[in-house]
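What follows is one structure encoded as C-alpha coordinates, with my remarks underneath.
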Amino acid sequence: DVKVTQSSRYLVKRTGEKVFLECVQDMDHENMFWYRQDPGLGLRLIYFSYDVKMKEKGDIPEGYSVSREKKERFSLILESASTNQTSMYLCASSLGSHTEAFFGQGTRLTVV
Amino acid sequence: RKEVEQDPGPFNVPEGATVAFNCTYSNSASQSFFWYRQDCRKEPKLLMSVYSSGNEDGRFTAQLNRASQYISLLIRDSKLSDSATYLCVVLRGTGRRALTFGSGTRLQVQP
(Lines give C-alpha, C1' and ligand atoms only; values in the text may rest on other atoms or scores of the structure.)
Protein backbone atom coordinates (compact mmCIF):
# COMPACT_ATOMS: atom_id res chain seq x y z
CA ASP A 1 0.00 0.00 0.00
CA VAL A 2 1.10 3.52 -0.73
CA LYS A 3 1.85 5.45 2.38
CA VAL A 4 2.02 9.21 2.65
CA THR A 5 3.02 10.33 6.11
CA GLN A 6 2.76 13.82 7.50
CA SER A 7 4.91 14.59 10.49
CA SER A 8 2.19 15.99 12.75
CA ARG A 9 -1.58 15.58 13.09
CA TYR A 10 -2.04 18.72 15.15
CA LEU A 11 0.18 21.77 15.50
CA VAL A 12 -0.24 25.05 17.36
CA LYS A 13 2.11 27.90 16.49
CA ARG A 14 2.38 31.57 17.31
CA THR A 15 2.00 34.40 14.83
CA GLY A 16 5.33 35.20 13.22
CA GLU A 17 6.90 31.78 13.82
CA LYS A 18 8.53 29.87 10.99
CA VAL A 19 6.67 26.60 10.55
CA PHE A 20 7.79 23.42 8.80
CA LEU A 21 5.31 20.77 7.68
CA GLU A 22 6.97 17.56 6.54
CA CYS A 23 5.62 14.93 4.19
CA VAL A 24 7.18 11.61 3.21
CA GLN A 25 5.95 9.04 0.66
CA ASP A 26 7.26 5.53 0.30
CA MET A 27 6.25 4.62 -3.26
CA ASP A 28 8.87 6.42 -5.34
CA HIS A 29 6.22 8.77 -6.74
CA GLU A 30 7.38 11.55 -9.04
CA ASN A 31 4.73 14.09 -8.07
CA MET A 32 4.04 15.60 -4.69
CA PHE A 33 1.53 18.24 -3.69
CA TRP A 34 0.52 20.47 -0.81
CA TYR A 35 -3.10 21.52 -0.43
CA ARG A 36 -4.96 23.34 2.28
CA GLN A 37 -8.60 22.59 3.05
CA ASP A 38 -11.00 25.11 4.52
CA PRO A 39 -14.78 24.82 5.05
CA GLY A 40 -16.70 25.92 1.99
CA LEU A 41 -13.53 26.39 -0.05
CA GLY A 42 -12.50 22.80 -0.54
CA LEU A 43 -8.92 21.80 -1.28
CA ARG A 44 -6.75 24.52 -2.75
CA LEU A 45 -3.35 23.83 -4.23
CA ILE A 46 -0.45 25.67 -2.60
CA TYR A 47 2.61 24.17 -4.34
CA PHE A 48 3.56 21.03 -6.18
CA SER A 49 6.68 19.31 -7.42
CA TYR A 50 7.34 17.00 -10.39
CA ASP A 51 10.85 16.07 -9.44
CA VAL A 52 13.60 16.60 -6.94
CA LYS A 53 14.46 20.29 -6.59
CA MET A 54 11.58 21.20 -8.91
CA LYS A 55 8.64 23.21 -7.63
CA GLU A 56 5.70 25.04 -9.12
CA LYS A 57 3.23 27.46 -7.62
CA GLY A 58 -0.36 26.44 -7.22
CA ASP A 59 -3.34 28.71 -6.71
CA ILE A 60 -2.42 30.16 -3.31
CA PRO A 61 1.39 30.18 -2.87
CA GLU A 62 1.61 33.52 -1.05
CA GLY A 63 3.13 33.16 2.40
CA TYR A 64 4.42 29.65 1.68
CA SER A 65 7.52 28.06 0.26
CA VAL A 66 8.49 24.43 -0.34
CA SER A 67 11.54 22.25 -0.48
CA ARG A 68 12.13 18.95 -2.23
CA GLU A 69 15.71 17.85 -1.70
CA LYS A 70 14.90 14.12 -1.88
CA LYS A 71 12.32 12.36 -4.00
CA GLU A 72 10.40 10.97 -1.05
CA ARG A 73 10.18 14.16 0.99
CA PHE A 74 8.28 17.38 0.32
CA SER A 75 8.30 20.12 2.93
CA LEU A 76 5.96 23.08 3.25
CA ILE A 77 7.34 26.16 4.97
CA LEU A 78 5.36 29.02 6.41
CA GLU A 79 7.96 31.78 6.56
CA SER A 80 6.08 33.86 9.12
CA ALA A 81 2.88 32.22 10.28
CA SER A 82 -0.28 34.31 10.36
CA THR A 83 -3.73 33.57 11.77
CA ASN A 84 -5.21 33.29 8.26
CA GLN A 85 -2.98 30.27 7.70
CA THR A 86 -4.91 28.32 10.31
CA SER A 87 -6.16 25.39 8.27
CA MET A 88 -5.99 21.67 7.49
CA TYR A 89 -2.91 20.96 5.36
CA LEU A 90 -2.91 17.88 3.16
CA CYS A 91 0.08 16.41 1.38
CA ALA A 92 -0.40 14.08 -1.59
CA SER A 93 1.70 12.12 -4.03
CA SER A 94 1.08 10.47 -7.39
CA LEU A 95 3.04 8.43 -9.88
CA GLY A 96 1.92 10.49 -12.86
CA SER A 97 -0.36 13.44 -13.49
CA HIS A 98 -3.22 11.20 -14.69
CA THR A 99 -2.97 8.71 -11.89
CA GLU A 100 -4.50 8.44 -8.46
CA ALA A 101 -3.28 10.89 -5.84
CA PHE A 102 -2.69 9.44 -2.38
CA PHE A 103 -3.09 11.72 0.59
CA GLY A 104 -1.52 11.89 3.99
CA GLN A 105 -3.73 12.06 7.05
CA GLY A 106 -3.46 15.85 7.22
CA THR A 107 -2.01 18.36 9.67
CA ARG A 108 -4.41 20.66 11.45
CA LEU A 109 -2.43 23.83 12.03
CA THR A 110 -3.66 26.53 14.38
CA VAL A 111 -1.85 29.87 14.43
CA VAL A 112 -2.56 31.94 17.54
CA ARG B 1 -16.06 31.67 -10.94
CA LYS B 2 -14.63 28.51 -9.40
CA GLU B 3 -12.93 26.10 -11.77
CA VAL B 4 -14.90 23.16 -10.37
CA GLU B 5 -18.34 23.73 -8.85
CA GLN B 6 -20.47 21.40 -6.79
CA ASP B 7 -23.67 21.71 -4.79
CA PRO B 8 -22.45 21.49 -1.17
CA GLY B 9 -25.62 19.73 0.02
CA PRO B 10 -26.18 18.12 2.38
CA PHE B 11 -28.18 15.47 0.59
CA ASN B 12 -30.16 13.56 3.20
CA VAL B 13 -31.49 10.31 1.77
CA PRO B 14 -32.94 7.11 3.25
CA GLU B 15 -31.12 3.79 2.97
CA GLY B 16 -31.81 2.14 -0.34
CA ALA B 17 -32.40 5.40 -2.20
CA THR B 18 -30.72 6.43 -5.43
CA VAL B 19 -28.92 9.74 -5.32
CA ALA B 20 -27.10 11.73 -7.99
CA PHE B 21 -24.54 14.50 -7.75
CA ASN B 22 -23.48 16.82 -10.52
CA CYS B 23 -20.36 18.86 -10.92
CA THR B 24 -19.47 21.50 -13.52
CA TYR B 25 -16.02 22.54 -14.64
CA SER B 26 -15.03 25.71 -16.43
CA ASN B 27 -11.82 24.78 -18.25
CA SER B 28 -12.74 23.17 -21.55
CA ALA B 29 -9.17 21.87 -21.88
CA SER B 30 -9.62 19.61 -18.85
CA GLN B 31 -8.82 16.06 -19.80
CA SER B 32 -9.10 13.80 -16.77
CA PHE B 33 -11.87 13.55 -14.26
CA PHE B 34 -12.31 11.77 -10.95
CA TRP B 35 -14.57 11.38 -7.97
CA TYR B 36 -12.90 11.24 -4.57
CA ARG B 37 -14.56 10.40 -1.29
CA GLN B 38 -13.70 12.06 2.01
CA ASP B 39 -14.97 10.75 5.32
CA CYS B 40 -15.28 13.09 8.28
CA ARG B 41 -11.82 14.04 9.62
CA LYS B 42 -10.10 11.79 7.12
CA GLU B 43 -8.07 12.31 3.98
CA PRO B 44 -9.65 12.15 0.49
CA LYS B 45 -9.45 8.81 -1.33
CA LEU B 46 -10.09 7.97 -4.96
CA LEU B 47 -13.58 6.58 -5.53
CA MET B 48 -13.44 6.24 -9.29
CA SER B 49 -12.11 7.76 -12.47
CA VAL B 50 -14.61 9.15 -14.97
CA TYR B 51 -14.29 8.08 -18.59
CA SER B 52 -15.82 9.66 -21.66
CA SER B 53 -17.97 6.60 -22.29
CA GLY B 54 -19.19 6.52 -18.71
CA ASN B 55 -18.24 3.83 -16.25
CA GLU B 56 -19.74 1.78 -13.48
CA ASP B 57 -18.30 0.23 -10.36
CA GLY B 58 -20.86 -1.77 -8.44
CA ARG B 59 -23.52 0.64 -7.17
CA PHE B 60 -21.64 3.68 -8.47
CA THR B 61 -21.94 5.12 -11.98
CA ALA B 62 -19.97 8.08 -13.26
CA GLN B 63 -20.71 9.99 -16.44
CA LEU B 64 -18.98 12.77 -18.31
CA ASN B 65 -20.62 15.29 -20.63
CA ARG B 66 -17.85 17.22 -22.35
CA ALA B 67 -20.19 19.39 -24.42
CA SER B 68 -21.89 20.74 -21.29
CA GLN B 69 -18.78 20.40 -19.13
CA TYR B 70 -20.33 18.44 -16.34
CA ILE B 71 -19.65 15.22 -14.50
CA SER B 72 -22.14 13.17 -12.56
CA LEU B 73 -22.04 10.47 -9.93
CA LEU B 74 -24.99 8.16 -9.34
CA ILE B 75 -25.22 6.00 -6.24
CA ARG B 76 -27.83 3.25 -6.23
CA ASP B 77 -29.16 1.40 -3.19
CA SER B 78 -27.51 3.82 -0.75
CA LYS B 79 -25.91 2.35 2.37
CA LEU B 80 -25.25 4.03 5.69
CA SER B 81 -21.55 3.63 4.93
CA ASP B 82 -21.92 5.84 1.85
CA SER B 83 -22.29 8.87 4.13
CA ALA B 84 -19.34 11.08 3.27
CA THR B 85 -18.33 14.10 1.23
CA TYR B 86 -17.87 13.46 -2.48
CA LEU B 87 -15.28 15.57 -4.24
CA CYS B 88 -15.33 16.23 -7.95
CA VAL B 89 -11.77 16.45 -9.29
CA VAL B 90 -10.44 17.66 -12.61
CA LEU B 91 -7.01 17.61 -14.24
CA ARG B 92 -6.37 20.38 -16.72
CA GLY B 93 -5.16 19.39 -20.15
CA THR B 94 -2.82 22.33 -20.44
CA GLY B 95 -0.81 24.43 -18.07
CA ARG B 96 -0.66 23.32 -14.49
CA ARG B 97 -0.76 19.53 -14.27
CA ALA B 98 -2.20 19.13 -10.83
CA LEU B 99 -5.63 18.08 -9.64
CA THR B 100 -8.23 20.77 -9.04
CA PHE B 101 -10.86 19.87 -6.45
CA GLY B 102 -14.43 20.98 -6.05
CA SER B 103 -15.46 21.87 -2.53
CA GLY B 104 -17.48 18.70 -2.20
CA THR B 105 -21.05 17.47 -1.83
CA ARG B 106 -22.02 16.05 1.52
CA LEU B 107 -24.18 12.93 1.58
CA GLN B 108 -25.95 11.69 4.69
CA VAL B 109 -27.71 8.34 4.37
CA GLN B 110 -30.27 7.80 7.09
CA PRO B 111 -31.65 4.53 8.48
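With all pairs of different alpha carbon atoms counted, what Kirkwood hydrodynamic radius in Å does the stretch B:50-111 show?
13.3
Have a look at the protein assembly as shown and give its Rg and Dmax from the Cα atoms, expressed in angstrom.
Rg then Dmax for the protein assembly as shown, in Å: 17.6, 52.
Over 28 Å between C-alpha atoms is what I'm after, so list which of A:Lys71/B:Lys2; A:Lys18/B:Lys45; A:Lys57/B:Lys42; B:Lys2/B:Lys79; A:Lys18/B:Lys2 land there.
From A:Lys71/B:Lys2; A:Lys18/B:Lys45; A:Lys57/B:Lys42; B:Lys2/B:Lys79; A:Lys18/B:Lys2, over 28 Å: A:Lys71/B:Lys2; A:Lys18/B:Lys45; B:Lys2/B:Lys79; A:Lys18/B:Lys2.
Please turn the phi angles of the stretch A:58-68 into ³J(HN,Hα) values with the Karplus equation 6.51 cos²θ - 1.76 cosθ + 1.60 (θ = phi - 60°), one per residue in order, whole Hz, x for glycine and proline.
Working through the residues one at a time gives x, 7, 9, x, 4, x, 10, 9, 9, 9, 9 Hz.
Amide H of A:Arg108: which non-local residues (sequence gap of 5 or more, or other chain) have their own amide H closer than 5 Å, using H built in the peptide plane?
Counting only residues 5 or more places away or on other chains, the set is A:Tyr10, A:Leu11, A:Tyr89.
If amide hydrogens are placed 1.01 Å from N in the peptide plane, which non-local residues have theirs closer than 5 Å to the one on A:Val66?
Under 5 Å from the amide H of A:Val66 lie the amide H atoms of A:Ile77, each far enough along the sequence or on another chain.
Shielding of B:37-46 by partners, i.e. mean partner chain Cβ atoms within 10 Å per residue?
For peptide B:37-46, the averaged partner shielding equals 4.
For the stretch B:63-109, run through the trypsin sites (Lys or Arg not before Pro) and keep only the ones in DSSP coil with at most 13 other Cβ atoms within 10 Å of their Cβ.
Answer by residue number: B:Arg66, B:Lys79.
Just tell me how shielded A:82-94 is by partners: mean number of partner chain Cβ atoms within 10 Å of each residue's Cβ, no decimals.
1
What Cys residues in the protein assembly as shown have no fellow cysteine's beta-carbon under 4.7 angstrom?
B:Cys40
Counting only other chains, what is the mean number of Cβ atoms within 10 angstrom of the Cβ of each residue in peptide B:97-107? All intermediate terms of the calculation are to be shown ahead of the outcome.
Details: counts 7, 15, 12, 6, 9, 2, 8, 5, 0, 0, 0.
Average neighbour count from other chains, rounded to a whole number: 6.
What aspartates and glutamates does A:Lys3 reach when the alpha-carbon gap must be under 17 Å and sequence neighbours fewer than 8 apart in one chain are set aside?
A:Lys3 reaches A:Glu22, A:Asp26, A:Asp28, A:Glu30, A:Glu72, A:Glu100, B:Glu43.
Assuming 1.002 mPa s and 20 °C, estimate D for chain A with Stokes-Einstein, Rh taken as the Kirkwood radius over Cα pairs, in µm²/s.
The diffusion coefficient I find is 155 µm²/s.
Please report, as a whole percent, how much of the solvent-accessible surface of the protein assembly as shown comes from carbon and sulfur atoms (probe radius 1.4 Å).
Values: 5210 of 10730 Å².
Ligands and nucleic acids excluded, carbon and sulfur reach 48 percent.
Rg and Dmax of chain B over Cα atoms: what are they, in angstrom?
Considering chain B through its Cα atoms, Rg and Dmax are 13.5, 45 Å.
For the protein assembly as shown, what is the accessible area per residue in Å², given a 1.4 Å probe and the full set of protein chains?
48
The values are calculated or read from the model by the stated rules, or taken from the named source; none is laboratory data. This is a predicted model, so every value here is computed, not measured. Glycine also receives a Cβ, built like all others from the backbone with ideal geometry; neighbour counts cover every protein chain displayed. Note: accessible area is taken over every heavy atom of the protein model, side chains too, but ligands, DNA and RNA are not part of it. Shrake-Rupley method; radii C 1.70, N 1.55, O 1.52, S 1.80 Å.
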